[in-house]
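Peer 1: Pasting in a structure now, in structure tokens, and then I'll have a few things to ask.
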Amino acid sequence: MEKNETSKEQNTFFEQEFKLLSDAQSFLEDSNTKEDPKLKLKTLVGSYESLLKQSSKIMKIGDSTQHRLLKTQEALTDSNIMLEAAYMDLKLVTEIGKIITSSLEPKVIIQSVYENTKSIVPMDVLAFGTYDEEKKEIKYKFCVIDGRYVPAPSVDSLEEDNPSSYCVKQQKELITLDIEKDFPNYLSDIRKHFGENSQSALYFPLKVEERLIGILTVHSYSKNAFQPNQLNILRTLANYVAIGVDNADAYRTLSKRNKELKDSLEKIEVLNKSIEEERQKSENLLLNILPRSIADRLKGGEGVIADYFPSSTVLFADIVGFSKLTTKIQTPTRLVEILNRIFTEFDVIADKYKLEKIKTIGDCYMLAGGIPVPTEDHAHKAAQAALDMLNRLNELKPELEFEFNVRIGLHTGEVVAGVIGKNKFVYDLWGDSVNTASRMESHGATGRIHVSESVYLSLKDKYNFEDRNVIEVKGKGPMHTYFLEGVK
């Protein structure tokens with residue numbers, strides 16, 4: 001009977017009961033009634049009996065409803081308990097999943113699963129086996145047995161019949177709550193790897209995007225150890241383990257590649273440094289041979305370089321009597337050291353006035369001004385350099401132990417400068433001005449600066465000269481020349 005119908009029946013019962021009581025009270029209070037008392041009493045008794053039967057029926061219905069309500073309440077309580085337990089399990093599994101997926105070490109992953117799951121799933125053995133595609137095997141090298149981490153590896157060949165090959169070939173999990181009964185053929189393999197006490201065993205293939213990562217296996221020393229909800233928990237954890245181990249492998253591979261890349265970069269950096277050092281040495285060596293602008297042009301691909309300069313000042317400086325001095329100097333090494341000392345000082349002077357050293361020929365030093373970059377004051381700078389050379393050589397005499405003197409010649413005129421040839425090339429000068437400057441040096445005087453008329457005309461307003469008048473110059477004929485004495 002439905003609840004509404006029961007309620008209606010109860011209302012009718014109370015109405016009938018009230019009416020019966022009213023009739024009995026009216027009959028007793030009405031002394032003038034003409035009804036037969038026995039007949040009236042019999043009618044009231046009959047109505048009362050009917051009410052008692054109806055009351056009994058209602059009480060039975062009420063007891064049945066109350067019983068059903070109590071059972072429903074008990075079922076709801078049990079459901080709430082189960083739901084709360086399931087929620088707590090889900091919360092715990094989620095927390096374990098976070099730990100697993102954030103770890104980058106398979107050993108840490110297995111230990112975390114064991115420590116956090118043993119309270120809700122009975123496990124005596126937990127192991128993870130990595131899949132080696134090349135060797136076709138599952139290697140169980142991450143294992144917890146009886147709460148202790150056991151690093152010793154064991155291997156299941158996928159070409160043999162064992163629990164691991166079953167999972168891989170069948171592409172499904174292996175679940176047995178009684179190994180001896182369900183898989184007696186696997187018993188020896190299982191106990192060889194994980195001990196003699198295993199009674200229940202679970203093997204879950206671990207996959208990420210259909211790639212086999214390995215196998216997670218759980219063992220219990222009891223039969224019928226795992227309930228359906230515990231199997232679901234382990235399946236969820238197996239998925240987390242697959243992701244965590246795959247992340248760990250990816251991180252390990254990435255770290256290895258990064259290390260290899262870092263090592264390669266370090267080697268490249270060392271090589272680049274060595275190359276740069278060698279390049280710099282070559283650059284410095286080239287710049288010791290050639291002017292920078294000429295070197296840049298050669299590196300740019302120019303083969304033959306020959307530039308015409310309408311005005312340049314050429315200087316020759318020759319060590320007087322050097323050949324005779326060589327007989328007084330005991331060793332060739334000391335001779336070269338002295339010559340190097342003098343010419344090094346001349347190099348410093350040439351750099352000071354931004355003049356271009358052309359070459360040394362034995363004991364003769366040659367430089368030029370106004371090349372390879374034309375300048376207006378090249379004669380002035382060459383004159384200053386010549387004066388400095390004389391002064392510096394006088395300062396060096398005590399240090400050199402021998403009496404050294406120099407003749408210097410200067411001439412201003414047009415020249416051609418450039419580089420020719422492929423082997424042992426140098427920056428050189430050609431033209432009559434070079435010959436004339438050389439003649440000024442050879443026809444000069446010891447310790448003096450002999451210059452041509454072109455130099456005199458360029459510098460007469462700034463420098464003092466001694467007029468030498470016209471002299472006969474070999475290969476040139478009569479020439480009016482001068483000795484440069486100093487700045488006015």
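Peer 1: Working only within segment 444-467, note down all residues that are within 21 Å of residue 414 (Cβ to Cβ) and open to solvent by 10 Å² or more (accessible area, probe 1.4 Å). Break it down stepwise before answering.
Peer 2: Filtering segment 444-467 for residues within 21 Å of residue 414 (Cβ to Cβ) gives 450-460.
453, 454, 456, 457, 458, 460 - these are the residues of segment 444-467 that are within 21 Å of residue 414 (Cβ to Cβ) and open to solvent by 10 Å² or more (accessible area, probe 1.4 Å).
Peer 1: Name every residue in segment 178-193 that is crowded, with 18+ Cβ neighbours inside 10 Å and in contact (Cβ under 8 Å) with a residue 40 or more places away in the chain, in order of residue number.
Peer 2: 193
Peer 1: While we're looking at this one, here's another question. Answer yes or no: is there a residue in segment 160-171 that is exposed (fewer than 14 other Cβ atoms within 10 Å of the Cβ), within 39 Å of the chain's Cα centre (by Cα) and assigned to a loop (DSSP other than H, G, I, E, B).
Peer 2: yes
Peer 1: May I pose another question? Could you please tell me which pairs satisfy a Cβ distance under 6 Å, a separation of 6+ or placement on different chains, a first residue in segment 399-422 that is closer than 22 Å to residue 341 by Cβ, and a second residue that is of a type in the set (A, V, I, L, M) and modelled with pLDDT of 95 or more?
Peer 2: Correct list of pairs: 406/317; 408/317; 408/386; 408/449.
Peer 1: Here's another thing I want to ask about it. For residues that are touching a residue at least 24 places away in the same chain (Cβ under 8 Å), closer than 11 Å to residue 177 by Cα and either open to solvent by 20 Å² or more (accessible area, probe 1.4 Å) or assigned to a loop (DSSP other than H, G, I, E, B) (or both), tally how many sit in segment 209-230.
Peer 2: Counting residues in segment 209-230 that are touching a residue at least 24 places away in the same chain (Cβ under 8 Å), closer than 11 Å to residue 177 by Cα and either open to solvent by 20 Å² or more (accessible area, probe 1.4 Å) or assigned to a loop (DSSP other than H, G, I, E, B) (or both) gives 6.
Peer 1: Among the candidates 470, 434, 426, single out the residue that is surrounded by 17 or more Cβ atoms within 10 Å (Cβ to Cβ) and either assigned to a loop (DSSP other than H, G, I, E, B) or of a type in the set (A, V, I, L, M) (or both). So that I can check it myself, show each step before the final result.
Peer 2: Details: 470 fails: surrounded by 17 or more Cβ atoms within 10 Å (Cβ to Cβ); 426 fails: surrounded by 17 or more Cβ atoms within 10 Å (Cβ to Cβ).
Only one candidate qualifies: 434.
Peer 1: Here's another thing I want to ask about it. Take the residues of segment 350-366 that are under 21 Å from residue 441 (Cα atoms) and not in a strand (DSSP E or B): which is most open to solvent (accessible area, probe 1.4 Å)? Reasoning before the result, please.
Peer 2: Kept after step one, since they are under 21 Å from residue 441 (Cα atoms), are these residues of segment 350-366: 350, 353, 355-366.
This time we only want the ones that are not in a strand (DSSP E or B), so: 350, 353, 355, 362-363.
Numbers: 350: 3, 353: 36, 355: 14, 362: 59, 363: 34 Å².
Ranking the candidates gives 362 first.
Peer 1: Could you list all residues from segment 370-423 that are open to solvent by 70 Å² or more (accessible area, probe 1.4 Å), under 15 Å from residue 313 (Cβ atoms), charged (D, E, K, R) and part of a loop (DSSP other than H, G, I, E, B)? Outline the logic, then answer.
Peer 2: Keep residues of segment 370-423 that are open to solvent by 70 Å² or more (accessible area, probe 1.4 Å), which gives 373-374, 376, 391, 394-395, 398-399, 401, 403, 414, 420, 422-423.
Then keep just the ones that are under 15 Å from residue 313 (Cβ atoms); that gives 373-374, 376, 414.
Keeping just the survivors that are charged (D, E, K, R) gives 376, 414.
The one that is open to solvent by 70 Å² or more (accessible area, probe 1.4 Å), under 15 Å from residue 313 (Cβ atoms), charged (D, E, K, R) and part of a loop (DSSP other than H, G, I, E, B): 376.
Peer 1: Here's a follow-up. Kindly indicate whether any position in segment 393-405 is under 20 Å from residue 287 (Cβ atoms) and at pLDDT 90 or above. Please lay out each step first, then the result.
Peer 2: From segment 393-405, those under 20 Å from residue 287 (Cβ atoms) are none; that's our starting set.
Within segment 393-405, not a single residue is under 20 Å from residue 287 (Cβ atoms) and at pLDDT 90 or above.
Peer 1: For segment 327-349, how many residues are open to solvent by less than 50 Å² (accessible area, probe 1.4 Å) and either within 28 Å of residue 369 (Cβ to Cβ) or of a type in the set (S, T, N, Q) (or both)? So that I can check it myself, show each step before the final result.
Peer 2: Step one: filter segment 327-349 for residues open to solvent by less than 50 Å² (accessible area, probe 1.4 Å), giving 329, 335, 338-339, 342-343, 345-347, 349.
Remaining after also requiring either within 28 Å of residue 369 (Cβ to Cβ) or of a type in the set (S, T, N, Q) (or both): 338-339, 342-343, 345-347, 349.
So the answer is 8.
Peer 1: Within segment 194-202, identify whether any single residue is open to solvent by 20 Å² or more (accessible area, probe 1.4 Å), closer than 24 Å to residue 233 by Cα, at pLDDT below 95 and aromatic (Phe, Trp, Tyr), and answer yes or no.
Peer 2: The answer is no; no qualifying residue exists.
The values are calculated or read from the model by the stated rules, or taken from the named source; none is laboratory data. The model shown is predicted, which means the values in this text are computed figures rather than measured ones. Positions of Cβ are backbone-derived with ideal geometry, glycine not excepted, and every protein chain shown enters the neighbour counts. Side chains included, ligands, DNA and RNA excluded: accessible areas come from the protein's heavy atoms. Shrake-Rupley method; radii C 1.70, N 1.55, O 1.52, S 1.80 Å.
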